[in-house]
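A short worksheet on the structure shown next.
The values are calculated or read from the model by the stated rules, or taken from the named source; none is laboratory data. Just so you know, these numbers come straight off a predicted model, no measurement behind them. A quick note on method: Cβ atoms are made from the backbone with ideal geometry, for glycine too, and the neighbour counts reach across all protein chains shown. When the accessible area is computed, the model is the full protein with side chains, heavy atoms only, and any ligands, DNA or RNA have been set aside. Shrake-Rupley method; radii C 1.70, N 1.55, O 1.52, S 1.80 Å.
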Amino acid sequence: MEDGLIIGFDLCKDFCRISYFVSGQEEPSDLVFSEEENPYVIQNSICKRKGEDVWLIGQEAYETALLGGGSIVDKLLRLVARQGFATFDGQKYSAEELLFHFLERTLEFLFAEKKTRTVLGIMYSVQELNTTVLDAVIRCTKRLGIDRKRIHIISHTESYLYYVLSQKRELWSNISVLYDLSGDGLNYYELEVLRGMQPNVAKASRTFLEEGFSLEILDSAAGRKMADNIMTSCVDRMLRKKLISSAYLSGRGMDSCQKWGENFLRVLCQRRKVFFIENIFAKGAVYAACEYLRENSVYPFSIMCEGRIDVDISMEITQGNNQRTLALASVGNNWYETKEDFDIIPDQETSIRMKVKRLGERMPIMIEVPMDGFPKRPQKVSRVNVALSFVSEKMFTVTLTDKGFGEFFPGTDATVRKTFTIGDGA
Amino acid sequence: MGRYILCGKEADLPYEVDELDIRIYTIEELCYYIYNYLPLIGEDFIDERLLFFIRHELELPEIADKIERFYGARSEQDATLQMLLSDVGYFSDPELSEFQNRLVYRRRKSSQERIKMKGDSLLRLKRYQSAVRCYKTLAQNGSDSRVSREFYVSVLESLASAYGHLCEFDYALDCLLGIYDLNHSERILKKAYEVCILSGTELPQSVFSKVPDQKLQKWQQDYWNRETIARRNLDTDETMQIFLQDSETQKKELAEYLDRKKEACRGMLE
């Protein structure tokens, strides 16, 4: 592999963490942002110093704002999701512009420490795959000069899956679980390798647990006791009948669990290997980024988890003199990265038909997008652009655009768009 | 049953077809052009420019190599074209059979007849300047014994028509008088008379002095009648149509129309 950085960027709603890998390392390293209480975390906040074109992030942003040196925007990703704006020095900035400066400053920590700006791959790991945020993240990263092919995004669930599968086999031979306790609540992740399929399926899922509690209760003795009780009952209820190979703990709430979770840890550690991993999602993202850079996978599994689709979508086409099936999306594909764009010429057809087959179902169903509003022309002189993309794991859109037929029949850009929900007629 | 043809790459630099003043961007458009404009395809159609376009612009090196090998070995352009159309898969089997029949029909024609077919196609496509070039090539070979008098006459008549559309009435008149010299046809003489009236040219006395006044008056009347009908149909004329559009479209279409005319004029000067 060429020299350069492989970056795992855990981008949460309120903070982020970075792990990275450089040639010669065996394990990903965590980036240290400061010497403060939690050195691996930086808050998603940005401040512009008054009267200067200087952007500050994290703790530095808070300090500057507190001293009246500038105004601050925190919870930046929420602002991006709302496509909001903020005003600094009387000038209006879009959330995306602020995100760009935030990512630039954040990655600058890494570039400065490693004394290189060569990025072989960057994998963002996010809790929610919100298209508005993801698109903005991709655009901002491209603006930083990183080639689009080197930028990827996965869910926390997938990061966790890659992290666990990159450990010794004995740690995932049965079920592996993760409790992530942060300001966003308590999330439970579970990974299981389903054997007997060809290839075997590594399936991971995430469950938001209603039992989750605010981290502020850990400030009092009574609160700590309550947290211990909640987590103990959670573990007892959820893991009692399961064969667990490994259990992981992560998140800001878990870094002090030895202080408040005596019973919880005692129950969890019974006949199980338990690990506290500081940057599990960022590290998992690094492993995933490495995997994306390889020509051949080192994981002999088909992957099923949040962010991956469970359908095959295809179309029968003619290429040259051959009839063949054109695969547009396959089970296990990352929905955000699944985008197809190609041109076809319909011959004696007034609509575009595709085959959709869900995992586990025997028969595919046919979906149809009529070319309504397209100009009437003789047969075979309409080139139609077909664009397929997902808006979530369960929803995809097919867009048809009339491109005409060169200068013989100029295109009109007439467009038809249809959205399908998987399991609801598609 | 219908089908969907998966398209290949679109060229960044198109293949220019001078005869049609059109640019081709895809292999499907190239096939469409070959199939629908066969008379325009000259003997030298398969050349380095075409092969470069297919190989590098359309990124179809296998097809370019195959054409090169096939054409290099047999020098049969028709068979090579048929192979190309068949390999690309744009046309169905019945369409390919029909194309083959047209190739056979064309092959039976002499080279002069093929040039005439090309000229006629261009005339139908209103590519008058290109049509003139084709007809002039044939007209210059008028003395060739392999060319029949009837064929030569039909070439001159088409040439006169093309010149007429270009408002080159002097040349059109020369062609018509040339035909009259050969066959003394009254129909041709009447056409020559109409060209003279249309262009305001004085009637060449050497020819028209022998025509009775009564006949000339009859021809004059016929001309006026046709002119009246033509004026009545002006609203379907291309230029009139432009002026019926809204101002934005009118501006755009007028510019395009003038560009076409300028192009034709530049061609005349070449």
Over chain B, the sum of -39500 (n - 2.57) across DSSP H runs of at least four, divided by residue number and rounded to 500 deg cm²/dmol, gives at 222 nm -21500 deg cm²/dmol
Bounding extents of the stretch A:101-240 in its principal axis frame from Cα atoms, largest first in Å, are 49, 48, 31
Set A:Lys13/A:Lys403; A:Lys376/B:Lys109; A:Lys149/A:Lys380; A:Lys13/A:Lys357; B:Lys116/B:Lys262; A:Lys149/B:Lys252, cut-off 32 Å on Cα-Cα distance; pairs above it are A:Lys13/A:Lys403; A:Lys376/B:Lys109; A:Lys149/A:Lys380; A:Lys13/A:Lys357; A:Lys149/B:Lys252
Check: C-alpha center the stretch A:21-54 vs C-alpha center the stretch B:182-236, spacing in Å is 92 Å
For chain B, longest principal axis from Cα atoms; helix B:61-74 axis from its Cα atoms; angle between them, nearest 10 degrees, is 70 degrees
Chain B: relative contact order from alpha carbon pairs under 8 Å, six or more residues apart, as a whole percent, is 10 percent
Helix A:221-239 sits off the longest principal axis of the Cα atoms of chain A, rounded to the nearest 10 on a 0 to 90 degree scale, by 50 degrees
Straight-line reach check, A:Lys168, cutoff 17 Å on alpha carbons, 8 or more apart in-chain or any other chain, hits among lysines -> A:Lys273, A:Lys283
Diffusion coefficient in µm²/s returned for the stretch A:139-208 by Stokes-Einstein, Kirkwood Rh over C-alpha pairs, 37 °C and 0.692 mPa s, is 232 µm²/s
Once the in-chain neighbours fewer than 8 apart are removed, the aspartates and glutamates whose Cα is under 17 Å from A:Lys241 read A:Glu190, A:Glu192
Rg/Rh of the stretch A:262-320 (Cα atoms, Kirkwood Rh), to two decimals, equals 1.21
Looking only at lysines whose Cα falls under 19 Å of A:Lys355's and that sit 8 or more positions away or on another chain, we get A:Lys339, A:Lys394, A:Lys418
Any GluC sites (Glu not before Pro) in the stretch A:213-301 that lie in a DSSP loop and have at most 11 other Cβ atoms within 10 Å would be A:Glu295
Per residue, the convex hull enclosing the Cα atoms of the stretch A:343-426 spans a volume in Å³ of 90 Å³
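Using alpha carbons only, what's the Rg to Rh ratio of the stretch A:70-157 with Rh from Kirkwood?
Result: Rg/Rh = 0.98.
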Here, the stretch A:107-169 modelled as identical Cα point scatterers in vacuum has Debye log10 I(q)/I(0) at q = 0.16, 0.23, 0.24 Å⁻¹ of -0.65, -1.04, -1.06
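Tell me the Kirkwood radius of chain B: reciprocal of the mean inverse pair distance over distinct alpha-carbon atoms, in Å.
With all distinct Cα pairs of chain B included, I get 21.9 Å.
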Kirkwood Rh over alpha-carbon pairs of the stretch B:1-136 plugged into Stokes-Einstein at 20 °C, 1.002 mPa s gives a D in µm²/s of 136 µm²/s
Whole-number value, in Å³ per residue, for the convex hull of the alpha carbons of the stretch A:6-89 is 117 Å³
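Taking the Cα centre of the stretch A:50-166 as origin, work out the dipole magnitude from +1 charges on Lys and Arg Cβ and -1 charges on Asp and Glu Cβ, in debye rounded to 20.
Result for the stretch A:50-166 is approximately 400 debye, rounded to the nearest 20.
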Answer check: the protein assembly as shown, Cα atoms, Kirkwood Rh, Rg/Rh ratio of 1.17
Quick numbers on the stretch A:179-331, Rg and Dmax over C-alpha atoms in Å, give 20.6, 76
Between the residues A:Thr401, A:Ser182, A:Ile151, the Cα farthest towards the positive end of the dipole of chain A, that dipole coming from +1 and -1 charges on the beta-carbon of Lys, Arg, Asp and Glu, is from A:Thr401
In square angstrom to the nearest 100, the accessible surface buried at the A/B interface, both sides summed with a 1.4 Å probe, amounts to 2400 Å²
With every protein chain kept in place and a 1.4 Å probe, the residues B:Cys7, A:Cys269 fall, from largest accessible area down, as A:Cys269, B:Cys7
With +1 at each Lys and Arg Cβ and -1 at each Asp and Glu Cβ, the charge dipole magnitude of the stretch A:184-228 around its Cα centre, to the nearest 20 debye, comes out at 280 debye
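What per residue convex hull volume, in Å³, comes out for the stretch B:1-61 when only alpha-carbon positions are used?
Numbers: hull volume 6.4 nm³, N = 61.
Residue-normalised Cα hull volume stands at 105 Å³.
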In degrees rounded to 10, the 0-90 angle between helix A:280-293 Cα long axis and the longest Cα principal axis of chain A is 40 degrees
